[in-house]
Amino acid sequence: MSIVNQSQFRCATTTCSPYAIVTVSNIRQCQMNCLGQAQCKAASFRQMNSSCQLFDNSINQNKSLKVTVETTTMIVIYGTRAPPEPITTSTTTSSTTTTTTTTVDSRYIPSASTCSITAATLCTTTTPMVATCQSYEVSWNNNCYHLDGSAGNCAAGYTLATNAILDCISSLFIGKNYRNTISDNCCITTADTYQCYGFNITCNIAGPFVDAPSIGGDSCFNALQSNPRQLTLCRSI
């Protein structure tokens, strides 16, 4: 989500009014309320009364924002919602038009965005199936995940996972081990451009891991580390 602090929409018409106002305890819950509803295009969180305003039509909102203390306005960036927005494609033949709707989970799509401590990932699973994984791996959403000092490379049958997925499964790595190689750097390489997660305690030593990777852990925030045994997150294909 695009976040603008100390601001709220200056509405040009009544259609700018929120379609819902909910009470939340913090800005992250306001983000998750909006990202979890397909019709929500933007949200405003007012700290003074813990209210979260949800908007369903950002087109009818005046693009200018007015300064409002203790208010944060957030606009959904297309392709970052989880569950994701459906993608519709059309195939045309000589006599008919067939429309197919395909849902792409944005949590698996690599991102070039910088790290954010306010980004909210909705960690619901999308399948009841459970993958059978190795003892050093984490099983989540019918995929197997592991950490290894493999310098950004994954074994056959695996590919790099994203920071969004790591946000959901980081605590599950406590008690797990490296796949093969002990790392020589604490920042975790993923499919995304920037390294946002790292270990604070279990770093470059033999497992099992005694802490979970955390955002900004060991100063890994918008990092671009590349070492011979760079810590790497892989998932099964």
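The values are calculated or read from the model by the stated rules, or taken from the named source; none is laboratory data. Quick caveat, the model's predicted, so the values are computed rather than measured. Every residue, glycine among them, receives a Cβ derived from its backbone with ideal geometry; neighbour counts consider all protein chains shown.
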Filtering the range 137-160 down to residues that are under 14 Å from residue 232 (Cα atoms) and of a type in the set (Phe, Trp, Tyr), which residue is surrounded by the fewest Cβ atoms within 10 Å (Cβ to Cβ)?
-> 158
Go through the range 208-232 and give me each residue that's touching a residue at least 60 places away in the same chain (Cβ under 8 Å) and of a type in the set (S, T, N, Q).
-> 222, 226, 227, 230, 232
Given the structure, is residue 177 more than 27 Å from residue 125 (Cβ to Cβ) and either in a loop (DSSP other than H, G, I, E, B) or without any contact (Cβ under 8 Å) to a residue 60 or more places away in the chain (or both)?
-> no
Do we find a residue being aromatic (Phe, Trp, Tyr) and over 24 Å from residue 29 (Cα atoms) anywhere in the range 143-155?
-> yes
Could you tell me whether any residue of the range 194-215 is among the polar types (S, T, N, Q), assigned to a loop (DSSP other than H, G, I, E, B) and within 17 Å of the chain's Cα centre (by Cα)?
-> no
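Looking at 144, 187, 234 in this structure, which one is in a strand (DSSP E or B), closer than 21 Å to residue 109 by Cα and either within 17 Å of the chain's Cα centre (by Cα) or at pLDDT below 95 (or both)?
Unique residue meeting the criteria: 234.
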Being of a type in the set (A, V, I, L, M) and surrounded by 15 or more Cβ atoms within 10 Å (Cβ to Cβ) is the filter; apply it to the range 190-219 and report the residue that is nearest to residue 178 (Cα to Cα).
-> 212
Of 163, 222, 227, the only residue that is surrounded by fewer than 20 Cβ atoms within 10 Å (Cβ to Cβ) and out of contact with any strand residue (DSSP E or B) (no Cβ under 6 Å at 6 or more places or on another chain) is 222
Of the residues in the range 106-136 that are of a type in the set (Gly, Ala, Ser) and in a loop (DSSP other than H, G, I, E, B), the one that is nearest to residue 1 (Cα to Cα) is 119
Of these, 30, 34, 40, 52, which one is part of a strand (DSSP E or B), modelled with pLDDT of 70 or more and assigned by TED's automatic domain parsing to the domain that holds residue 9?
-> 52
Answer yes or no as to whether residue 132 is at pLDDT below 85, farther than 29 Å from residue 33 by Cβ and surrounded by fewer than 16 Cβ atoms within 10 Å (Cβ to Cβ).
-> no
